[in-house]
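Each remark here refers to the structure printed beneath this line.
The values are calculated or read from the model by the stated rules, or taken from the named source; none is laboratory data. In this text the structure is predicted, and so the values were computed from the model without any measurement. Glycine gets a Cβ as well: all are built from the backbone with ideal geometry, and neighbour counts include every protein chain shown.
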Amino acid sequence: MSFFKKLKDKFTTSTDSVTDKFKEGLTKTRNNFSNKVNDLVARYRKVDEDFFEELEEILIGADVGFNTVMELIDELKLEVKRRNIQDAKEVQSVISEKLVEIYEGGNVSSSELNMQDNELTIILFVGVNGVGKTTTIGKLAHKFKQEGKKVVLAAGDTFRAGAIEQLEVWGDRVGVDVVKQTEGSDPAAVMFDAVQSAKAKKADVLICDTAGRLQNKVNLMKELEKVKKVIEREVPGAPHEVLLALDATTGQNALIQAKTFKEATNVSGIVLTKLDGTAKGGIVLAIRNELQIPVKFVGLGEKMDDLQPFDAEKYVYGLFSDLVDQAEE
């Protein structure tokens with residue numbers, strides 16, 4: 001049974017709205033990537049070195065990342081040889097299969113959030129300005145609220161003009177408390193107040209916003225370390241997640257940002273925003289494979305519930321859904 005057939009059996013008869021969100025959210029990438037693969041397959045009757053060279057260019061153009069592409073091409077060559085595949089059309093299903101294997105393989109932690117049972121879970125958000133960090137915090141707070149959890153937000157980005165007010169707007173919209181101080185206040189002091197407030201309110205989750213200036217990387221990273229120390233002092237073992245927000249539309253620049261933050265702070269997961277806005281959604285694979293950091297959430301639209309937990313199979317289905325839907329019964 002082909003991998004496309006397995007995906008079809010799993011997803012095309014499903015009434016799962018999340019699967020539909022991945023399909024809709026990846027439309028731009030699918031139209032770019034899948035169409036180019038279709039064209040490549042149509043032009044080649046057999047699988048040869050020229051075929052793989054062109055496929056390599058398509059994958060790099062989709063921001064899958066050079067190292068990941070080289071690994072994928074090597075895997076594909078071995079699989080084509082092992083299965084004695086002659087027809088180029090058969091390679092499409094193998095590509096999708098290998099994309100899932102690359103994402104799920106390796107020594108990387110789970111895509112599941114590290115939630116504490118019957119205790120306060122503290123999630124620290126980091127990332128440069130303009131990536132949709134505050135909006136993502138609001139959407140994640142909404143998700144937790146829908147699950148029946150009590151949520152508190154900490155307005156730790158005290159330097160960017162309007163950042164505190166922006167988080168307050170989200171707090172009002174979602175219906176959760178926001179702990180703040182005045183603009184320019186010490187972010188660590190805000191975190192201390194936020195932890196005390198969350199404990200007093202018997203909150204389930206505290207989500208902390210942080211500054212995102214990269215003009216002075218050293219100062220920013222020192223600031224993040226100070227914030228983390230305050231949180232850990234008040235709640236041993238916290239923060240339980242350090243989530244890095246990245247804008248998918250920035251492509252390889254997102255990978256550079258991820259490397260910078262990984263060097264300076266213990267990033268436990270990636271939230272990839274605006275995935276619906278890019279034709280180069282392969283950046284998901286580059287981040288996971290080259291940095292060994294799991295993508296925990298992806299932004300698939302503007303609506304409140306368009307922030308979704310990442311799922312490798314649903315991601316690949318979103319990339320190849322047109323071909324999956326046509327897979328033979």
Original post:
Going by the conditions given, is residue 139 in contact with a helix residue (DSSP H, G or I) (Cβ under 9 Å, 6 or more places away or on another chain), among the basic types (Lys, Arg) and either closer than 30 Å to residue 196 by Cα or modelled with pLDDT of 90 or more (or both)?
Top reply: yes
**OP:** Would you point out the residue of segment 257-287, among those that are under 9 Å from the mean Cα position of the chain (by Cα) and not aliphatic (A, V, I, L, M), that is farthest from residue 23 (Cα to Cα)?
**Re:** 269
**OP:** Can you confirm whether segment 184-203 contains a residue that is of a type outside the set (A, V, I, L, M, F, W, C), surrounded by 18 or more Cβ atoms within 10 Å (Cβ to Cβ) and not in a helix (DSSP H, G or I)?
**Re:** no
**OP:** Filter segment 250-295 for residues that are of a type in the set (Ser, Thr, Tyr) and assigned to a helix (DSSP H, G or I) and give the result.
**Re:** 250, 260
**OP:** State whether one or more residues within segment 231-248 are of a type outside the set (A, V, I, L, M, F, W, C), surrounded by 14 or more Cβ atoms within 10 Å (Cβ to Cβ), in contact with a Gly (Cβ under 8 Å, 6 or more places away or on another chain) and not in a helix (DSSP H, G or I).
**Re:** yes
Original post:
Does residue 316 satisfy the criteria of being in contact (Cβ under 8 Å) with a residue 60 or more places away in the chain, within 10 Å of the chain's Cα centre (by Cα) and within 11 Å of residue 26 (Cβ to Cβ)?
Top reply: no
**OP:** Please determine, by comparing only the residues of segment 279-296 that are among the charged types (D, E, K, R) and in contact with a Gly (Cβ under 6 Å, 6 or more places away or on another chain), which one is surrounded by the fewest Cβ atoms within 10 Å (Cβ to Cβ).
**Re:** 290
Original post:
Is there a residue in segment 257-276 that is at pLDDT 90 or above and of a type in the set (Asp, Glu)?
Top reply: yes
**OP:** Pick out the one residue from 97, 104 that is touching a residue at least 40 places away in the same chain (Cβ under 8 Å), among the acidic types (Asp, Glu) and surrounded by fewer than 16 Cβ atoms within 10 Å (Cβ to Cβ).
**Re:** 104
Subject >> The listed residue being in contact (Cβ under 8 Å) with a residue 40 or more places away in the chain and surrounded by fewer than 18 Cβ atoms within 10 Å (Cβ to Cβ), out of 305, 276 >> reply: 305
